[in-house]
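Where a number appears in this text, it was derived from the coordinates with a stated rule and is not lab data. A quick note: this is a predicted structure, and the numbers were derived from the prediction, not measured. Positions of Cβ are backbone-derived with ideal geometry, glycine not excepted, and every protein chain shown enters the neighbour counts.
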Amino acid sequence: MFTTEDIVKLRKRTNAGMMDCKNALTETNGDLDKATEWLREKGIAKAAKKADRIAAEGLVYSYIHMGGKIGVLVEVNCETDFVSRSDNFVALCKDIALHIAAAKPLYVEQAEVPADVLNHEKEILKAQALNEGKPEAIVDKMIEGRVKKFYEEVCLLDQPFVKDPSKTIRDIVNEAVLTIGEKIAIRRFTRYEMGEGLEKRSDNFAEEVMGQMKKD
């Protein structure tokens, strides 16, 4: 449908990331012009132009879930101290922190996933596909799709936003870049869960956090 060369061409044309370009071409059946428009409609192309700028200001935002069950610290960077104190930026940081509390990401982005973790996951996915009786000729293609699902589960930027699953956290950040007019980057986060690793009753924290969002 499209080649690596097409992805590179689209990247040069829009400055968007390789994965964003690949997704755009997938959504538009490899049509470069339509893929360019797709990236623009998503706000990715415009946001990408700010990607090389320095974002050294920002906030370390903290969120404690009701009753002290979950705690989140997330560092979100922007370019100026003025923006870091703006209502829009603080609201973005809050949404990101609430999302982390609910969705339990392990990494900010795909590049942070250790090679050994990814290779181990691919081995498991391959074994699952073969055990399902899938032809070995299509197993690699299946693994590619399932790895994408793995990234959506563990990488913050790839996760569907809990407030609006039609958008990813990357989409939310890109929209904020267009609204605020500065480069914005999620640098790191830490998530603590009370009793994590210990046997305890199962709580649906995602539902509780969503309830908190509605109240806010």
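Separation of segment 165-196 from segment 83-106 is 6 Å, based on Cα centroids. How high is the FRET efficiency between Glu37 and Glu112 when r is their beta carbon distance and R₀ equals 35 Å, given to the nearest 0.05? Efficiency for this residue pair is about 0.70. Between Asp164 and Thr80, the modelled labels are 2.5 nm apart [label points 7 Å from Cα along Cα→Cβ].
Cross-link pairs exceeding 28 Å in C-alpha to C-alpha distance, out of Lys22/Lys126; Lys69/Lys163; Lys69/Lys94; Lys12/Lys104; Lys9/Lys148, comprise Lys12/Lys104. At a Förster radius of 25 Å, what calculated FRET efficiency corresponds to the Cβ-Cβ distance of Lys141 and Arg13, to the nearest 0.05? So, using R0 = 25 Å, E works out to roughly 0.40. If eta is 0.692 mPa s and T is 37 °C, what Stokes-Einstein diffusion coefficient results for segment 4-48, Kirkwood Rh from Cα pairs, in µm²/s? My calculation gives 341 µm²/s for D. Close amide H partners of Thr168, meaning residues 5 or more places away or on another chain with modelled amide H under 5 Å apart, are Phe161. This ranking places Cys78, Cys21 by how few other beta-carbon atoms lie within 10 Å of each, fewest first, which gives Cys78, Cys21.
Taking the square roots of 5 times each eigenvalue of the Cα gyration tensor of segment 114-153, largest first, gives ellipsoid semi-axes of 18, 11, 8 Å.
Dividing the summed -39500 (n - 2.57) terms of all DSSP H runs of n ≥ 4 by the residue count of the chain sets its mean residue ellipticity at 222 nm at -16500 deg cm²/dmol.
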